[in-house]
Each structure stands twice: as C-alpha cells, then as structure tokens.
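Enquirer: Starting off with a structure, shown below.
The values are calculated or read from the model by the stated rules, or taken from the named source; none is laboratory data. Keep in mind that what you see is a predicted model, and the values were worked out from it rather than measured. All Cβ positions, glycine included, derive from the backbone under ideal geometry; neighbour counts span all protein chains shown. Surface accessibility is based on the protein's heavy atoms, side chains included, excluding ligands, DNA and RNA. Shrake-Rupley method; radii C 1.70, N 1.55, O 1.52, S 1.80 Å.
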Amino acid sequence: MADYELYYWPTIPGRGEFVRLALEDAGADYVDVARQPEAQGGGVKAMMKLMRDTECPVAPFAPPFLRAGSLLVAQTANILQFLGPRLGLVPEDEASRLSAHQLQLTIADFVSEAHDVHHPIGVSLYYEDQRAESLRRAPLFITERMPKFLGYFERTLERNEGGGRSHLVGAAVSYVDLSMFQLVSGLQYAFPRAMARLEEKIPLLVELQGRVAARPRLAAYLASPRRLAFNQHGIFRHYPELDTVEDD
Ligand SMILES: N[C@@H](CCC(=O)N[C@@H](CS)C(=O)NCC(=O)O)C(=O)O
C-alpha cells in the first residue's frame, strides 16, 4: 500500500492539484485513487464510497481528501498543513507553520472567489444559466479582488528578505510556494488579458511561478500525463466574455 492515497475528481486539476503538487515535488509514494481503474479499486465510485462509509470519526465533506494510514484528512489547506512537515515542505518553527497555513487559507479564499466568477448563483446550475450574473461579477473580480489578493501575496514576498524575496514563507520552498504557482497559472488560463495587465505589478510572483515550474521533480511531473490541463469543467475556466480589461 502507498504511503498516501489522494482522492479527487479525476478529470479536473481543481483543488486536488494543490495537494498533488506537494506530493509530486517531494517524490512521495502516493496513489491518485479516483484516476485508477475501477478493477484496481479506483474510480469515482471508490472515492464516494470512502466518503460515505469511512470508519474515521469525521468524514470528509468534499474532495480533495487524503488517506495516510488510519487517518483521513480533508480540506485542502488542512491536508497541506498535515503533509508539509512530513514532506519537508514547511519550515520547522511554529510561527512559520502558522504563517504558511494562514497564506494557504487565503489562497483557498481566493480560489473560491475565482470559482464563483463563473458560478455566482449556484454550483448546481450551468454557467450558461447564470451568465448574466457572471458578467456583472467578473469586472469586479478583475479590478478589485485580483489586484487585492495578488498585491497582498506580492508584498508578502517583498517582505521576506531573509528568504531572498523568493519564498512566501521562510528561506526554502514550501507548499505555499507550490500552491502559488498553481494559483497564478490558473488565473493566467482563466483571465489571460487581465493577468497580462496585472503581471507587471507582481514581478516577484511571476518569478516564483517560473522557479517552481523549473524544480526538477515538478518539471518532470508537469510534462507527464499525470498533470491535468486546466479545462472548462474546473475551478479556473476561460470564458473570453468574462476576461475584460479597462478599455473593453
Ligand atoms: N474548502 C474545501 C472545498 C472543497 C470543495 O469545494 N470541493 C469541490 C471540488 S473542488 C467539491 O467536490 N465540492 C462538492 C460540494 O461542495 O458539494 C477545500 O479547500 O478542500
């Protein structure tokens, strides 16, 4: 049995990717269960069954979740808080670990807002059924929320002189840096025009994105079939009509 079993929807990068990046970067022994054939105990059915029938005291509310021995851990930021020390992807001191978790929760807030741009009314409705509301929400997300969140992360890098302004927390790569790579990449996929405008204001984040992508294990992973491309079913979706900039 592998050290870790990751459970996430098999066709989208989604929130599962934040966990996958940490496992891949560390070269961890893990299985992506829902992407395995049903005959080998994989698939979405196996994932749903474990969510429903787990003997753990607290069941996950939603994927992603991670099984590690007898533990079943859900909530992306919580999973990464659990994995960070085990994978050597967070500094050892308490203050840094709290900072890492704080930043990861802020990333989670931002991810939810990015999702809600194309689903402002309800997750059970198609985008096309809430397009009018999306068209109202998108310009506010682009002009207010993207600069606010990304500006905050850029300033966090700027302040980390001890980490050479190249890590969000501490002096070495952490799971937060890996998640930031995914966040910036997702925004570039969903809002290419808006991001092209914003990127000059967030040079440290863009540099961080490049450095993370070049990490040897991650570069190999990103070029492999294990890496799922962003697509129109995930959290970051590209609808050109939502990607507006000021002079549109
Ligand atoms: N806050 C949770 C959100 C989990 C979540 O919303 N998962 C989505 C997929 S990315 C899901 O399957 N949601 C089902 C639902 O909300 O009913 C996390 O960060 O892990």
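Enquirer: I'm checking my understanding of the structure. Among residues of segment 84-95 that are surrounded by 17 or more Cβ atoms within 10 Å (Cβ to Cβ) and not aliphatic (A, V, I, L, M), which one is nearest to the ligand (Cβ to nearest atom)?
Expert: Gly84
Enquirer: Let me ask something additional. State all residues of segment 133-148 that are open to solvent by less than 70 Å² (accessible area, probe 1.4 Å) and more than 16 Å from Phe236 (Cα to Cα); if no residue qualifies, say none.
Expert: Passing the criteria: only Pro147.
Enquirer: Being polar (S, T, N, Q), more than 18 Å from the chain's Cα centre (by Cα) and within 18 Å of Phe18 (Cβ to Cβ), is that true of even one residue in segment 210-230?
Expert: Within segment 210-230, one or more residues are polar (S, T, N, Q), more than 18 Å from the chain's Cα centre (by Cα) and within 18 Å of Phe18 (Cβ to Cβ).
Enquirer: Also: Scan segment 96-107 for residues that are touching a residue at least 24 places away in the same chain (Cβ under 8 Å) and open to solvent by 40 Å² or more (accessible area, probe 1.4 Å) and jot them down.
Expert: The answer is Ser99, Leu105.
Enquirer: So, Val73, is that one among the β-branched types (Val, Ile, Thr), open to solvent by less than 70 Å² (accessible area, probe 1.4 Å), at pLDDT 95 or above and more than 15 Å from Val176 (Cα to Cα) or not?
Expert: Criteria met by Val73.
Enquirer: Residues of segment 119-132 being in a loop (DSSP other than H, G, I, E, B) and open to solvent by 80 Å² or more (accessible area, probe 1.4 Å), which ones?
Expert: Matches in segment 119-132: Ile121, Val123, Ser124, Tyr126.
Enquirer: Give just the number: which of (1) open to solvent by less than 50 Å² (accessible area, probe 1.4 Å); (2) at pLDDT 95 or above; (3) out of contact with any Gly (no Cβ under 6 Å at 6 or more places or on another chain) does Tyr8 not satisfy?
Expert: Tyr8 satisfies every listed condition except (3).
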